[in-house]
Amino acid sequence: MKAIKARNYKAELLEKIAPKGFHAHAFIDDLRMIKMPSPGNAISRILTNDGGWIELDSRNATVRTWGLVGRAQVLAAALAAEIGCEVEHLAKSAGFSADADTLKVTRVSEDTIKDLAAWWSARGYSATSAPDGCWVNVGRSRIHDTGDRLEIHGVLTDEAIAATILKAREAWDGRVYLDGYWTQHEQDQMWIAAQRAGIEIQNCKPSASAQAAWQREQEAVATTTRTISAARSAVAVAADVKAAAGSDLEALDRLPKPLQAFIVSHLDDDQRKHLSAQGVAFIIPELERFRRLGADELAEFERTGRTFTVPKPQHHRRDDNKNDLEL
């Protein structure tokens, strides 16, 4: 009696999510689990007893299947016929494992599957526990996770690759092994994604063009890093020039000698006062010119046999009535 009630209950759920008038009882023996839509979400999922999945999106009038091929395709075709759409089957397109030693298929315990679903959910993914493992929604693709192995069902999208890289980094000690047949384009996609994430990738042979593209990307990153570093350095130097012109001896001491000579020897008091009132953004483009003028001053000192010296900061108590140090 309990089994009959359970079967009838599943048929009632199927009738609720199916188009009006759909004969749900014809599929009563195929239903293992039905995940009803949540508020604001029109998508429902059906797991058949033979391990196939059906996704019914009533809002967009689409039907998808994935997992084992069997009764799910029959039920999906019946639903699609009522809706007036074609069934989209997400076939397995890629396989991954932690390493070559984990390729052997083993049964996954119920507790492990629950832990996998919780792991993905904690990282913002929609994950569903099933008897054969954890199924994760990644855009239009699905990931089948059994712990040490992943399978992509559907297109190998950037989202699916990103999810795989996340798994490798956080659960597989920063490595991933490509399982099964991979096209050269797919290998190149995975190899570059792994390089960007610092992941060790095995059983993957990137093309020469992919390696060249990665080299160009690295060079571009290095150039950007140098540019940012130079910009930050220029800001710091310009700030010291401004402060040194305003009689800050510690800032003056930090400057390279040509800029020290520019401040101390090339400028007069009025010019230093004017410079100290300028903004850093004004000074940055002038730094190279200031360096050249300071270098000329140093050359003149050397030509005339004089020694260029700058006042050093004195770390003592300043006079309460004197707020500025003098050059």
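Taken over the range 89-100, the residue count meeting the criterion of being outside any helix (DSSP H, G or I) and surrounded by fewer than 16 Cβ atoms within 10 Å (Cβ to Cβ) is 3.
When ARG196 is tested against the conditions (1) at positive phi; (2) without any contact (Cβ under 8 Å) to a residue 60 or more places away in the chain; (3) in contact with an Asp or Glu (Cβ under 9 Å, 6 or more places away or on another chain), the lone failure is (1). When SER207, SER265, SER247 are checked against the criterion of being under 30 Å from SER97 (Cα atoms), surrounded by 13 or more Cβ atoms within 10 Å (Cβ to Cβ) and not charged (D, E, K, R), a single residue qualifies: SER207. Counting only residues that are crowded, with 16+ Cβ neighbours inside 10 Å and touching a residue at least 60 places away in the same chain (Cβ under 8 Å), the range 65-82 holds 3 of them. Checked against the criteria, LEU166 does not count as under 18 Å from PHE96 (Cα atoms), among the hydrophobic types (A, V, I, L, M, F, W, C) and touching a helix residue (DSSP H, G or I) at 6+ places or on another chain (Cβ under 8 Å). What about ALA162, is it small (Gly, Ala, Ser), in contact (Cβ under 8 Å) with a residue 24 or more places away in the chain, over 30 Å from VAL63 (Cβ atoms) and part of a helix (DSSP H, G or I)? No. Would you confirm whether or not the range 218-239 contains a residue that is under 30 Å from ALA295 (Cβ atoms), part of a helix (DSSP H, G or I), over 26 Å from the mean Cα position of the chain (by Cα) and among the β-branched types (Val, Ile, Thr)? Looking for residues that are under 30 Å from ALA295 (Cβ atoms), part of a helix (DSSP H, G or I), over 26 Å from the mean Cα position of the chain (by Cα) and among the β-branched types (Val, Ile, Thr), one finds at least one in the range 218-239, hence yes. Residue count for the range 265-293 satisfying the condition of being of a type in the set (S, T, N, Q) and assigned to a loop (DSSP other than H, G, I, E, B): 1. All of (1) touching a Phe, Trp or Tyr at 6+ places or on another chain (Cβ under 8 Å); (2) at pLDDT 90 or above; (3) within 18 Å of ILE83 (Cα to Cα); (4) of a type outside the set (D, E, K, R) hold for LEU14 with one exception: (2). Can you find a residue that is in contact (Cβ under 8 Å) with a residue 60 or more places away in the chain, among the acidic types (Asp, Glu), surrounded by fewer than 20 Cβ atoms within 10 Å (Cβ to Cβ) and closer than 17 Å to VAL69 by Cβ anywhere in the range 122-135? Yes: the range 122-135 contains one or more residues that are in contact (Cβ under 8 Å) with a residue 60 or more places away in the chain, among the acidic types (Asp, Glu), surrounded by fewer than 20 Cβ atoms within 10 Å (Cβ to Cβ) and closer than 17 Å to VAL69 by Cβ. Per the conditions (1) of a type outside the set (Asp, Glu); (2) assigned by TED's automatic domain parsing to the domain that holds SER38; (3) at pLDDT 90 or above; (4) in a loop (DSSP other than H, G, I, E, B), the sole criterion not satisfied by VAL69 is (3). Scanning the range 303-310 turns up no residue that is surrounded by 14 or more Cβ atoms within 10 Å (Cβ to Cβ), touching a helix residue (DSSP H, G or I) at 6+ places or on another chain (Cβ under 8 Å) and part of a helix (DSSP H, G or I).
Going residue by residue through the range 43-54, is there one that turns out to be buried (at least 17 other Cβ atoms within 10 Å of the Cβ), touching a residue at least 40 places away in the same chain (Cβ under 8 Å) and assigned to a helix (DSSP H, G or I)? No, every residue in the range 43-54 fails to be buried (at least 17 other Cβ atoms within 10 Å of the Cβ), touching a residue at least 40 places away in the same chain (Cβ under 8 Å) and assigned to a helix (DSSP H, G or I).
The values are calculated or read from the model by the stated rules, or taken from the named source; none is laboratory data. Source: prediction; values computed, not measured. Quick reminder, even Gly has a Cβ in these numbers, built from the backbone with ideal geometry, and neighbours come from all protein chains shown.
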